[in-house]
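Participant: Sharing a structure with you now.
The values are calculated or read from the model by the stated rules, or taken from the named source; none is laboratory data. The structure presented is a predicted model; accordingly, all values stated were derived computationally and were not measured. Cβ coordinates were reconstructed from backbone atoms using ideal geometry, including for glycine residues, and neighbour counts include every protein chain displayed.
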Amino acid sequence: KSAAIRVLHDAEGGATQAALTGTGATASAAPEPAPAPAADSEPRIIVAPAGPAGPAGAPGRDGRDGRDGRDGRLQCAGGRRVCTVTIAASPDLALVRAQLRRGGRVLARGSSRGGKVRLRAKRRLRAGSYRLRIVRVGRDGRRTVKTKTVRIR
């Protein structure tokens with residue numbers, strides 16, 4: 001069978017005609033449409049199979065062995081205006097910086113190229129808890145930051 005369809009529109013020319021060819025079916029031969037799902041029914045979830053595994057990632061850094069040991073010792077003298085932090089020295093240690101903080105403020109600071117750091121405070125340090133932040137810089141440029149709570153009596 002063959003037929004033609006004519007579409008009218010507002011563009012220039014006003015009408016477009018297209019030819020239709022093929023076999024048709026009567027309305028009684030058309031398949032039944034699928035029934036609409038009920039409003040209270042659960043939605044269907046279709047789970048697809050998993051895809052292929054991806055490539056392995058790069059290896060991570062080595063973990064630490066055991067608990068941390070003592071990193072150093074803090075001693076204060078001179079009316080608690082000068083404190084000394086002694087840190088275990090190592091051959092790959094290039095620089096050590098230290099800060100004594102309390103309440104979000106830096107109260108004393110110092111740096112050294114060896115194993116002892118002298119922290120100088122602008123005022124006398126009162127007794128209590130402080131946070132000691134130690135930054136160790138290795139000869140390769142890697143930084144290690146440790147923060148400990150210390151007490152000054």
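Participant: In region 84-93, which residues are over 19 Å from residue 141 (Cβ atoms) and either surrounded by fewer than 14 Cβ atoms within 10 Å (Cβ to Cβ) or of a type in the set (Asp, Glu) (or both)?
Facilitator: 88
Participant: Moving to a separate point now. Which one is nearest to residue 100 (Cα to Cα) among residues in region 129-146 that are over 24 Å from the mean Cα position of the chain (by Cα) and exposed (fewer than 10 other Cβ atoms within 10 Å of the Cβ)?
Facilitator: Step by step, filter region 129-146, then rank; the result is 129.
Participant: Okay, moving on. List the residue pairs whose Cβ atoms are under 7 Å apart, where the first residue sits in region 74-93 and is within 15 Å of residue 126 (Cβ to Cβ), the second is among the small types (Gly, Ala, Ser), and the two are 6 or more positions apart or on different chains.
Facilitator: Correct list of pairs: 81/121; 83/108.
Participant: Of the residues that sit in region 113-145 and are in a strand (DSSP E or B) and charged (D, E, K, R), which one is farthest from residue 74 (Cα to Cα)?
Facilitator: Checking each candidate, the answer is 143.
Participant: A further question on this structure: Starting from region 124-143, keep only residues that are at pLDDT below 90, then list their pairs with residues that are in a loop (DSSP other than H, G, I, E, B) and of a type outside the set (D, E, K, R) whose Cβ atoms are within a distance under 7 Å, requiring at least 6 positions of separation or different chains.
Facilitator: Pairs found: 124/79.
Participant: Restricting to region 94-112, and then to whatever is closer than 20 Å to residue 75 by Cβ and small (Gly, Ala, Ser), can you tell me which residue is surrounded by the fewest Cβ atoms within 10 Å (Cβ to Cβ)?
Facilitator: By that ranking, first place goes to 111.
Participant: Looking at region 57-83, which of the residues that are under 26 Å from residue 139 (Cβ atoms) and modelled with pLDDT of 85 or more is surrounded by the fewest Cβ atoms within 10 Å (Cβ to Cβ)?
Facilitator: Filtering first and then ranking leaves 58.
Participant: While we're looking at this one, here's another question. Specify the residue that is farthest from residue 151 (Cα to Cα); the eligible residues are those in region 84-108 that are among the charged types (D, E, K, R) and at pLDDT 90 or above.
Facilitator: 97
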